[in-house]
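Undergrad: Got a structure here, written out as structure tokens. Questions coming.
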Amino acid sequence: MIYKFRKYKDIDSFIKNIPKTKNDEEYTIVYKCNGLDFSKPNPFTQKCFGCLFCIFNNDEIIKYFNVFWGDDFINKYSKESFQGKPVTMPTAKKSLKNPIKNLEEFTGVDETSNIQPWTSGIINHMCSTSNRVGMEVPIYNNDYDRNGRLDVCSMTSDKLLAIETKISLDDALKDERFIEQHYKYTTEIEKSITDYNYITLFGGKETDLYPPTSPYCTGKIGSKSERFYEIVTTNNIKFISANALWCLCCRYLEHGDKYSWDIFISKLFSESHCIGLLSAGKVVNRNDIISIESF
């Protein structure tokens, strides 16, 4: 549950695996989520909201997790995921005076210490082969005054996943910088590698991201959802919600490599009509009609 990564000079160095130093950097979320207390026989506390970050590569922790949440927890959510309607994220058993009740609340604040490391941990372990992760990987583009940083990167031997994280749709629409970021980051990535996926990941309230025609959409006020889909379709921006990544992780834990990022996400976004992934299913654009398809 304390994972490691290395720092790189720029995206090209990350892709070629030329770190700035040989020293590992450590990252975790266990000091922010308050879901573990190792002074107890079962370290999971009533504040755990089942984010899955801590259960990888640790049989003892998985055993305690299953005792705490139930043996059918992963299986239940795996079956509910991508079936046409939003999946309600598990809620911490102790909600009174608990500042973080579920994954949406956790990913909806504090990008660098919440959604970014959580995403890195999930992506790093939800892969069919060995991979490296990087956070805040510098990326330069001479056409822009301000240099950028890719929030999360994962690299196998030949494939790159680059993720820009946003704590919410509201936050992303304040300045709409993710439009510019998409263009300048992909331009630089393509100088070093052709087999890659660049995705914008949104935390916070997932239903804000649903198409305006969806009965589940909560982004109609202020035309947020309408503006969002205008942006992503016009600029060819692929997106995923934090909830959907969590659901995909449940599928991965239940069914294996078929749902790893290097296989599933690459295949998903190679489909010409697919523009996004939500917990209800894949978001498709067919003849300018946005809909959600289950799978």
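Undergrad: If you roll a 1.4 angstrom probe over the protein chains with everything in place, what fraction of the accessible area of the chain belongs to carbon and sulfur, to the nearest %?
TA: Numbers: 6260 of 13510 Å².
Answer for the chain is 46 percent, counting heavy atoms of protein chains only.
Undergrad: Related question: Could you tell me how far the Cα centroid of segment 185-214 sits from the Cα centroid of segment 52-91, in Å?
TA: About 25 Å separates the Cα centre of segment 52-91 from the one of segment 185-214.
Undergrad: Next up: Only Lys, Arg, Asp and Glu count, each charged at its Cβ (+1, +1, -1, -1), so figure out the dipole size of segment 85-172 about its Cα centre, rounded to 20 debye. Write down the numbers at each step before the final one.
TA: Working: 10 positive and 12 negative charges, 119 e Å.
Charge dipole of segment 85-172: 580 debye, to the nearest 20.
Undergrad: Loop-only check: which GluC sites (Glu not before Pro) in segment 150-237 are DSSP coil with at most 14 other Cβ within 10 angstrom?
TA: Qualifying residues, ordered by number: 176, 190.
Undergrad: With +1 on the Cβ of every Lys and Arg and -1 on the Cβ of every Asp and Glu, and nothing else charged, how large is the dipole of the chain about its Cα centre, in debye rounded to the nearest 20? Numbers along the way, then the final one.
TA: Values: 37 positive and 39 negative charges, 120 e Å.
That gives the chain a dipole magnitude of about 580 debye.
Undergrad: Quick check on the chain: helices-only [θ] at 222 nm, where DSSP H runs of length 4 and up contribute -39,500 (n - 2.57) each and the sum goes over total residues. Nearest 500, please. Display every interim value, and only then the final one.
TA: Numbers: 10 runs with 89 residues, N = 295.
Result for the chain, helices only: -8500 deg cm²/dmol.
Undergrad: Filter the chymotrypsin sites (Phe, Trp or Tyr not before Pro) in segment 189-239 down to the DSSP loop ones having no more than 12 other Cβ atoms within 10 Å, then list what survives.
TA: Passing sites in segment 189-239 do not exist.
Undergrad: While we're here: If I take all pairs of Cα atoms in segment 1-112, what percentage of them are more than 25 Å from each other?
TA: Values: 2293 of 6216 pairs.
The calculated P(r) of segment 1-112 puts 37 percent of pairs beyond 25 Å.
Undergrad: I would also like to ask the following. If you average over every viewing direction, what projected area does the convex hull of the Cα atoms of the chain give, in nm²?
TA: Numbers: hull surface 62.3 nm².
Seen from a random direction, the Cα hull of the chain projects 15.6 nm² on average.
Undergrad: Kindly identify segment 120-204 as rounded, prolate or oblate by the Cα gyration tensor criterion: order the square roots of the eigenvalues as a ≥ b ≥ c, call it rounded if a/c is under 1.5, otherwise compare a/b with b/c, prolate if a/b is larger, else oblate.
TA: oblate
Undergrad: Kindly report the accessible area of segment 155-250 per residue (heavy atoms of protein chains, probe 1.4 Å, no ligands, DNA or RNA), in Å².
TA: Per-residue value: 38 Å².
Undergrad: Please report the antiparallel percentage of the DSSP beta bridges confined to segment 108-225, to the nearest 5.
TA: On the way: 11 of 18 bridges.
Bridges in segment 108-225 that DSSP calls antiparallel: roughly 60 percent.
Undergrad: With +1 assigned to the C-beta of every Lys and Arg and -1 to the C-beta of every Asp and Glu, and no other charges, what is the dipole magnitude of segment 170-261 about the Cα centre in debye, to the nearest 20? It would help to have the intermediate numbers written out before the result.
TA: Values: 11 positive and 14 negative charges, 26 e Å.
In debye, rounded to 20, segment 170-261 gives about 120.
The values are calculated or read from the model by the stated rules, or taken from the named source; none is laboratory data. Bear in mind the structure is a predicted one, so any value in this text is a computation, not a measurement. Virtual Cβ from ideal backbone geometry, glycine too; neighbours counted across all protein chains shown. What goes into the accessible areas is simple: the full protein's heavy atoms, side chains included, and nothing from ligands, DNA or RNA. Shrake-Rupley method; radii C 1.70, N 1.55, O 1.52, S 1.80 Å.
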